[in-house]
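Working notes for the structure below.
The values are calculated or read from the model by the stated rules, or taken from the named source; none is laboratory data. Please read these numbers as outputs of a predicted model, since none were measured by experiment. Backbone-built Cβ (ideal geometry, glycine too); neighbour counts: all protein chains shown.
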Amino acid sequence: MLRIVVTGGGGQLATAIERLSKGSNNTYHITTIEEMDICSKENVERGLCDADIVVNCAAYTNVEGAEDNVDETRRVNRDGVANIAMICQKHGIKLIHISTDFVFGGDNSRTTPYIESDATAPINVYGATKAEGEAEALKSPKAIILRTSWLYAPWGKNFVNTILTRAKQGAELKVVDDQRGTPTSALGLAEAIIRIIESGAWQTMEGIYHYSDLGDCTWYEFAKEILRQACIETKITPCKISDWQSKAQRPQYSVLDKGRIAETGVVMLKLWQERLYEVINYKE
């Protein structure tokens with residue numbers, strides 16, 4: 001029986017892993033920052049002392065806040081990962097680390113999905129610190145990095161829940177239509193992580209893999225599909241990124257190529273519209 005430690009308890013992805021792993025013969029232990037602060041080497045050493053695998057979902061993910069809190073963002077997204085990687089290397093623990101499409105610059109002239117070997121070129125603090133975290137994770141032998149994008153879940157603060165809440169309140173929506181990527185269900189990503197572990201594929205997989213749902217869209221197109229599936233009618237208009245006052249720049253194109261992870265034959269990839277339906281109709 002494997003003991004899997006999952007950091008970032010209370011977050012979208014860790015919660016999904018917790019719920020979907022019930023019934024497994026392996027033990028999935030979800031840790032919160034109070035139980036294991038990844039920024040403390042001592043906490044990490046104690047928390048991982050008997051682990052076989054660690055899934056690092058902990059991160060500073062507030063893209064706007066990161067611009068004002070550079071040191072704290074780097075402390076979590078780089079130094080925290082370095083602590084985990086060091087302990088994994090010391091004790092022979094497998095590391096599965098979650099990263100982001102924001103490690104890419106994504107100018108609006110690009111039309112080809114990013115592959116794992118493409119050079120990173122982050123344009124904001126969040127993306128830069130996540131890229132630094134990837135470098136730290138790879139210091140752990142045979143670590144797996146899963147880059148994902150536009151993550152959302154039935155719970156927590158995310159784009160889907162924000163759109164649904166505001167629409168139900170009768171608010172008029174204004175959504176960006178010149179930023180293209182792929183929405184990714186935390187349920188689908190959690191399922192993929194669990195499949196990688198339960199199948200034993202984790203033993204041979206290493207390096208960077210891209211995982212998001214299939215297809216791509218703009219945030220405006222995503223919002224329209226959310227409203228359609230939820231059968232809510234409200235006024236929604238497209239706008240440009242430049243219409244918003246934002247401290248952080250964002251990639252205008254960050255679609256990820258999933259060819260490498262598909263070749264493993266382990267994970268189940270679905271269209272983002274199908275995954276959205278699962279989330280909107282999710283029942284505990």
Residues of the range 53-73 being under 17 Å from the mean Cα position of the chain (by Cα) and either within 14 Å of I96 (Cβ to Cβ) or assigned to a helix (DSSP H, G or I) (or both), in sequence order, are V54, V55, N56, C57, A58, A59, V63, E64, A66, T73
Among D79, D37, D50, the single one that is surrounded by fewer than 16 Cβ atoms within 10 Å (Cβ to Cβ) and either more than 17 Å from the chain's Cα centre (by Cα) or at pLDDT 95 or above (or both) is D50
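Considering only residues that are over 21 Å from V279 (Cα atoms) and either among the β-branched types (V, I, T) or in contact with a Ser or Thr (Cβ under 6 Å, 6 or more places away or on another chain) (or both), look in the range 214-253 and name the one that is surrounded by the fewest Cβ atoms within 10 Å (Cβ to Cβ). Show your work before the answer.
Step one: filter the range 214-253 for residues over 21 Å from V279 (Cα atoms), giving 235-253.
Still in the list and also either among the β-branched types (V, I, T) or in contact with a Ser or Thr (Cβ under 6 Å, 6 or more places away or on another chain) (or both): 236-237, 241.
Values: I236: 18, T237: 10, I241: 15.
It comes out as T237.
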Surrounded by 15 or more Cβ atoms within 10 Å (Cβ to Cβ), more than 24 Å from T15 (Cα to Cα) and either touching an Asp or Glu at 6+ places or on another chain (Cβ under 8 Å) or not small (G, A, S) (or both), is that true of Y211? no
The residue that is modelled with the highest pLDDT, considering only those in the range 141-166 that are on the phi > 0 side of the Ramachandran plot and of a type outside the set (F, W, Y), is K142
Filter the range 254-273 for residues that are surrounded by 19 or more Cβ atoms within 10 Å (Cβ to Cβ) and not in a loop (DSSP other than H, G, I, E, B); the one that is nearest to the chain's Cα centre (by Cα) is L256
